[in-house]
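Accompanying notes for the structure given below.
Coordinate-derived values only; no laboratory data. Note that this is a predicted model, so its numbers are computed, not measured. Don't worry about glycine lacking a Cβ; one is built from the backbone with ideal geometry, like all the others, and counts go over all protein chains shown.
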Amino acid sequence: MNAIEINGIVKKFGQLVAVDGISFNVEKGEIFGFLGPNGAGKTTTINILCTLLLPTSGKASVNGFDVVRERRQVQRSIGLVFQDPTLDDYLTAEQNLRFHAYAYGVPRDVREKRMTELLELMELNDRRRSRVSTYSGGMKRRLEVARGLLHHPQVLFLDEPTLGLDPQTRRHIWDYITTLRKQENLSILMTTHYMDEAEYCDRIAVIDHGKIVALDTPTRLKDSVGGDVVSLQADNQEQALIELKESFKLSPVVQNGMVSFSVPRSDVFLPEFLRSFRSGIRSISVRRPTLDDVFLKLTGRAIREQEAGAWEQMRRMMGAMNR
Amino acid sequence: MGTDEKNDGGDEPMKIAEQWRGIWVIAYRDLLRFTGDRIRLVSALAMPIIFLVIFGAGFNNVIGQLAPGIDFMKFVYPGIIAMTVLNSSLMSGLSIVWDREFGFLREVLVAPLSRGSVVAGKIVGSAVISLAQGIIMLVIAPIVDVRLTAMLVLKLVPVLLIISISISALGILIASRMRSQQGFQLVMMVLLMPMTFLSGVMFPVNNVPVWMEVISKVNPLTYGVDAVRQLFLAVQPLPAGIPAGIPMPSAIGVTVFGRTMGVLDDTLVVAGLGILLLIMAVVTFSRQE
């Protein structure tokens, strides 16, 4: 049995098709990533899986339970860390965790032990009796992660778990999550648009306009770009482009004022290329492809270019959802 | 992880114990918040006391006795107690809107709790808090020269609870459809404030213009206020020469189709309406995604 099975899920908000027939499985113990710009349908899919939204059509199950017909069992199986805070600021960390434990029916002896264990892990134990309103953003997020794990969920949903946090805190949270995953054989479904975080995933689904456009391991996704990415700045970009296309049979693109293209083996390609390239080169660099390049190649756009517009779309969607 | 039982609503039939757990955990959190929030406690009591002091002192000399032995202060004080409970109960609705805005509602909605038990928990928490506030208001009774007896307090508890449950259900019903605090505040202003003022808190609703009398008598709050007031007035000492045990003078009590309502009548009206509102609140709250 897979941790998550999704089959042809569609979600419409009025005219807007937020999720357009998504299908995939997440295996037990796997970290599965959703990669895509805001408004691509990542959060909507997660909301359907955690029973907050009903799908317009399609089937989905979590931990073997149907998300429409067996909601209660689904709810018991999952832990959630949302991108927006869902803590009660007026209560202390301890009280927030107790509320959660009561709501999920965690037995008393397990509860106190588990609370201390998680608070220590998240380095919040010395502040457990402080009101959450006195916490920093990073502390709140860590508390949310602790809370999401309190009732021993089988599947953990992380919706942008580290959005807006500083790199050090992000690093921390990831250390915890990977440790816990090993300890408890958790399956994790996460969304992010930090590319370095996506590297933690065993597999990644690239999602755009409510559809999955690619699904593979991070390494193979990057390999699909075609080797190494070479970026160069030429004295005459136009001329360089033409020469790259005609003499080297490459397909260069212009991005941020740089001409870039990919080659299977840059160590073999570059010496020969530098000898025979006739346009003047001001600078040249080589790097391994990132998931940004993957997204660019699959959709023709960079993930981040879209953000402003996508934010608006997202807000409208949330509005529609609430209505 | 129990049975594979399913039903169409998406909720497995829950064990009674689990329903209780849901009610308890939601009420527990509201009580925790209330006891941790002294500002809210003070502000909840400040308004009725200010009302009482200003209106009571201001009108007491002008209006004189409304019935033998009943001056304006004695008339308005029970009304203010009822109003304290009304306002406090409506807060349960506001707290749902608040939770929605600040995200905590999601934590509640993804938890394995039935929506019905969430609503019930909110109402239980709200009823306990409202009752506590109503009882605290009794402390000022000696100051305004209102007599209290143990029996009165004992009878007051169930009546205040019933009022609170009904009004909490109304608050949750409104909140289930509200997305912002501003929206909820607007409803409070245009609907609930007039309802409060036209419920006989400040003046008897019998010898008033017809339009006002009609609104007052279809207003459920009127009956809650009347029940509380009758309980109080029944134990106030009468001046010498007036025989005890006469029915409430119609100048003060609420008369519907020629029948002067008693405490029991009033309470039944409020309870009946409360059950209706409760069902509507559960249905509406469960329907939202």
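Compare B:Gly36, B:Gly224, B:Gly69 in a GNM of chain B, Cα atoms joined below 10 Å, and give the one with the largest fluctuation.
Checking each option, the largest mean-square fluctuation is seen for B:Gly36.
Could you give the distance between the Cα centres of the stretch B:35-75 and the stretch B:151-191, to the whole Å?
20
In the stretch B:1-157, if the dipole is taken from +1 on Lys/Arg beta carbons and -1 on Asp/Glu beta carbons about the Cα centre, which of B:Ile80, B:Ala111, B:Leu94 is farthest to the positive end?
Towards the positive end, the residue furthest out is B:Ile80.
Can you tell which of A:Gln15, B:Val124, A:Thr43 lies farthest toward the positive end of the dipole of the protein assembly as shown, using +1 and -1 charges on the Cβ of basic and acidic side chains (Lys, Arg; Asp, Glu)?
Working it through, the farthest residue towards the positive pole turns out to be B:Val124.
Sort the following peptides by mean Cβ neighbour count (other Cβ atoms within 10 Å, averaged over residues), highest first: B:97-110, A:177-190.
The packing order, highest mean first, is B:97-110, A:177-190.
Quick one: Cα centre-to-centre distance for the stretch B:124-150 and the stretch B:194-225, in angstrom?
If we compute the Cα centre of each part, the gap is 23 Å.
What are the ³J(HN,Hα) values, in whole Hz, obtained from phi via the Karplus relation 6.51 cos²θ - 1.76 cosθ + 1.60 with θ = phi - 60°, for each residue of the stretch B:263-278 in sequence order, with x given for Gly and Pro?
4, 5, 4, 4, 5, 5, 4, 5, 5, x, 5, x, 4, 4, 4, 4
What's the local net charge at A:Gly280, with K and R +1, D and E -1, over the other residues with C-beta under 15 Å away?
0
Could you please report the charge total around A:Asp20, scoring K, R as +1 and D, E as -1 over all other residues with beta-carbon less than 15 angstrom from its beta-carbon?
+3
Taking beta carbons within 10 Å but only from partner chains, what does the mean come to for residues B:94-105?
2
Give me the dipole magnitude in Debye, nearest 20, for chain A about the Cα centre, with unit charges on the beta carbon: positive for Lys and Arg, negative for Asp and Glu.
780
Using only the Cα atoms of chain B, what do you get for the radius of gyration and for Dmax, in Å?
20.5, 74
Expressed in whole Å with the largest first, what are the equivalent ellipsoid semi-axes of chain A derived from the C-alpha gyration tensor as the square root of 5 times each eigenvalue?
Semi-axes from the Cα gyration tensor: 42, 23, 18 Å.
Compare the peptides B:80-90, A:230-240, B:55-65 by average per-residue count of other Cβ atoms within 10 angstrom and give them in order, highest first.
The most tightly packed comes first, giving B:80-90, A:230-240, B:55-65.
Tell me, A:Met195, B:Met189 in order of fewest to most beta-carbon neighbours within 10 Å?
B:Met189, A:Met195
What size of dipole, in debye to the nearest 20, comes out for chain B about its Cα centre when the only charges are +1 on Lys and Arg C-beta atoms and -1 on Asp and Glu C-beta atoms?
320
What does the charge count around B:Val256 come to, taking other residues whose C-beta lies under 14 Å from its C-beta (Lys +1, Arg +1, Asp -1, Glu -1)?
Taking every other residue near B:Val256 into account, the sum is -2.
Mean-square fluctuation check for chain A, GNM, Cα pairs under 10 Å: which of A:Gly39, A:Gly148, A:Gly300 is largest?
A:Gly300
Output the direction-averaged projected area (hull surface divided by four) of the convex hull of the alpha-carbon atoms of the stretch A:224-266, in nm².
3.0
Roughly what angle does helix A:237-248 make with the longest principal axis of chain A, taking Cα atoms, 0 to 90 degrees, to the nearest 10?
80
When the helices in chain A are scored as -39500 (n - 2.57) per DSSP H run of 4 or longer and the sum is shared across all residues, what 222 nm value do you end up with, to the nearest 500 deg cm²/dmol?
Result for chain A, helices only: -12000 deg cm²/dmol.
Across peptide B:113-124, how many C-beta atoms of other chains are within 10 Å of each residue C-beta, on average?
1
I'd like the distance separating the alpha-carbon centroids of the stretch A:244-301 and the stretch A:171-213, in whole Å.
29
Looking only at B:Thr267, B:Thr149, B:Thr222, which one moves most when chain B is put into a Gaussian network model with springs between Cα atoms under 10 Å?
Greatest mean-square fluctuation among the candidates belongs to B:Thr149.
So what's the projected area for the protein assembly as shown, the Cα convex hull averaged over all directions, in nm²?
Here the figure is 35.6 nm², rounded to one decimal.
Would you be so kind as to identify which of A:Leu53, B:Ser166, B:Met280 lies farthest towards the positive end of the dipole of the protein assembly as shown, taking Lys and Arg as +1 and Asp and Glu as -1 on Cβ and the Cα centre as origin?
With unit charges placed on the Cβ atoms, the residue in question is B:Ser166.
Quick one: which residues, 5 or more positions from A:Glu27 or on another chain, have an amide H under 5 Å from its amide H? H modelled 1.01 Å from N in the peptide plane, none for Pro or chain starts.
Counting only residues 5 or more places away or on other chains, the set is A:Ala3.
Which of the three applies to the stretch B:105-222, rounded, prolate or oblate, going by the alpha-carbon gyration tensor with a ≥ b ≥ c and a/c under 1.5 meaning rounded?
Oblate is the answer for the stretch B:105-222, as a/c is 1.5 or above yet b/c matches or exceeds a/b.
How big is the dipole moment of the protein assembly as shown about its Cα centre under a simple scheme where the beta carbon of each Lys and Arg is +1, that of each Asp and Glu is -1, and everything else is neutral? Debye, nearest 20, please.
Dipole about the Cα centre, nearest 20: 700 debye.
How about A:Lys28: which lysines have a C-alpha closer than 27 Å to its C-alpha, ignoring those fewer than 8 places off in the same chain?
Cross-link targets: A:Lys11, A:Lys42, A:Lys59, A:Lys113, A:Lys182, A:Lys211, A:Lys222, B:Lys6.
Would you grab the residues whose amide H sits under 5 Å from the one on A:Ile281? Only those 5+ places off in sequence or on another chain, please, with H modelled 1.01 Å from N.
Residues meeting the amide H criterion: A:Asp235.
Average partner chain C-beta neighbours within 10 Å, per residue of A:60-69?
Average per residue, whole number: 2.
Where does chain B land at 222 nm, in deg cm²/dmol rounded to the nearest 500, when only DSSP H runs of n ≥ 4 count, each adding -39500 (n - 2.57), divided by all residues?
Taken over chain B, the calculation gives -22000 deg cm²/dmol.
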